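The next block holds one structure in the form of structure tokens; read it before the comments.
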Amino acid sequence: MTETPVDDVRRKAIVMSGTGGIWQVRASDGDTLDISMRGRLKKGEDGLKLTVGDSVMLDQEAPGGSWAIAEIVPRKSQLARRMPGGGHGERIVAANVDQVMIVFAAAKPEPHVRMLDRFLVIAEGNALEPRIVINKIDLVDEDAARERFKDYTAAGYSLNFTSVKKQIGLTELHAVLAGRTSVLSGPSGVGKSSLLNGMYPGLNLRVGEISESVNKGRHTTVGAVMHPLPDDGFVVDTPGLREVGMWGMPSEHLDACFPEFRDLIDQCRFADCTHLIEPDCAVREAVAASQISSERYESYAKLRGELAETEKKWATMKTGSYDAKKRGR
């Protein structure tokens with residue numbers, strides 16, 4: 001008896017976008033389908049919540065019938081952040097990502113390096129390669145822009161300086177995206193969609209204007225959307241984020257998310273050094289000797305305090321919930 005080939009009853013696909021329970025997927029043969037999930041997956045029985053970038057297996061309801069998402073293939077990576085509004089838990093931005101392109105504008109809106117540090121920590125905490133893109137350098141002096149972000153070059157990050165208007169740096173950035181799955185993230189209004197349109201005109205992404213009154217971009221991307229690129233890569237365009245939170249990272253692991261700290265951590269006197277108050281701290285000594293940027297260190301100290309405060313908050317709530325259950329017996 002001849003067995004039916006698996007491909008006749010199942011297809012592999014990648015999730016490109018999704019709203020209202022309907023997901024757009026790109027099958028391995030190039031077909032684009034709008035489909036739903038099987039009921040078991042909707043309930044999250046396997047512990048996974050479907051997201052853009054997921055590889056999935058599709059089943060056909062009946063010969064010649066419609067297709068449905070029947071299985072989520074285990075992820076090789078994911079980009080996650082804390083639920084907006086300080087909520088408990090994480091929100092998966094995209095799955096199976098190779099790199100995170102963190103886009104900031106050189107001006108309009110004015111770049112805030114503390115927010116850039118948050119984006120970098122989220123990428124590092126997800127074990128993803130981050131790359132910094134400074135866009136709109138036509139609005140400033142390029143040498144001044146490079147000087148402003150020199151701390152990140154010193155820390156070991158790769159930087160691209162770009163301008164869609166003057167066609168600066170687009171070829172180099174295009175080469176970085178080729179053949180890889182990349183997430184473009186960053187604040188609203190920094191020109192993520194314009195960059196993609198500049199490199200891949202066929203995408204025709206909607207571009208918003210900058211609100212001069214508040215110097216913040218209006219959101220033009222409603223949810224994360226994955227786009228196939230002509231050079232075998234994919235890029236995930238994400239909504240501009242005005243709130244960047246970390247989730248699930250113990251405060252004692254934050255120092256490893258700062259590349260310039262890593263070679264110094266084991267040189268501190270105490271194995272559990274927080275790099276805040278302890279004597280003989282190699283990190284603080286490097287800051288004092290101007291070997292590590294004081295601004296980057298200040299970002300670390302602020303983030304460390306926030307993480308510790310969050311841990312304390314959730315520990316208190318967990319204890320309170322436990323005590324309430326005991327009293328209710």
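The values are calculated or read from the model by the stated rules, or taken from the named source; none is laboratory data. From a predicted model like this one, the values you see are computed outputs, not experimental measurements. Quick reminder, even Gly has a Cβ in these numbers, built from the backbone with ideal geometry, and neighbours come from all protein chains shown.
Just give me the residues in region 228-250 being buried (at least 17 other Cβ atoms within 10 Å of the Cβ), modelled with pLDDT of 60 or more and among the small types (Gly, Ala, Ser), in sequence order. If the condition is that a residue be buried (at least 17 other Cβ atoms within 10 Å of the Cβ), modelled with pLDDT of 60 or more and among the small types (Gly, Ala, Ser), then 233 is the only one that fits.
In region 4-23, the residues that are loosely packed, with under 11 Cβ neighbours inside 10 Å and polar (S, T, N, Q) form no Cβ pair under 6 Å with any partner that is modelled with pLDDT of 85 or more and part of a strand (DSSP E or B), whether six or more places apart or across chains.
Could you tell me whether residue 107 is of a type in the set (Gly, Ala, Ser), touching a residue at least 24 places away in the same chain (Cβ under 8 Å) and over 26 Å from residue 180 (Cβ atoms)? Even if it seems obvious, please write down each step before you answer.
Values: of a type in the set (Gly, Ala, Ser): yes; touching a residue at least 24 places away in the same chain (Cβ under 8 Å): yes; over 26 Å from residue 180 (Cβ atoms): yes.
Answer is yes for this residue.
Name the residues in region 4-47 that are at pLDDT 70 or above and part of a loop (DSSP other than H, G, I, E, B), would you? Within region 4-47, 21, 28, 29, 30, 31, 36, 38 qualify. Considering every residue within region 214-227, establish whether at least one is part of a strand (DSSP E or B), at pLDDT 90 or above and in contact with a strand residue (DSSP E or B) (Cβ under 6 Å, 6 or more places away or on another chain). Checked against the condition, which is being part of a strand (DSSP E or B), at pLDDT 90 or above and in contact with a strand residue (DSSP E or B) (Cβ under 6 Å, 6 or more places away or on another chain), region 214-227 yields at least one hit.
Take the conditions (1) polar (S, T, N, Q); (2) in contact (Cβ under 8 Å) with a residue 60 or more places away in the chain; (3) outside the structural domain of residue 169 (by TED's automatic domain parsing); residue 66 misses just one of them, which is (2).
Here is a yes/no grid of residues against (1) in a loop (DSSP other than H, G, I, E, B); (2) surrounded by fewer than 18 Cβ atoms within 10 Å (Cβ to Cβ); (3) not charged (D, E, K, R):
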site: 273; (1), (2), (3): yes, no, yes
site: 279; (1), (2), (3): yes, yes, yes
site: 287; (1), (2), (3): no, no, yes
site: 291; (1), (2), (3): yes, yes, yes
site: 295; (1), (2), (3): no, yes, no
site: 298; (1), (2), (3): no, yes, no
site: 303; (1), (2), (3): no, no, yes
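Looking at 163, 158, 185, 194, just one residue is small (Gly, Ala, Ser) and out of contact with any helix residue (DSSP H, G or I) (no Cβ under 9 Å at 6 or more places or on another chain), and that residue is 194.
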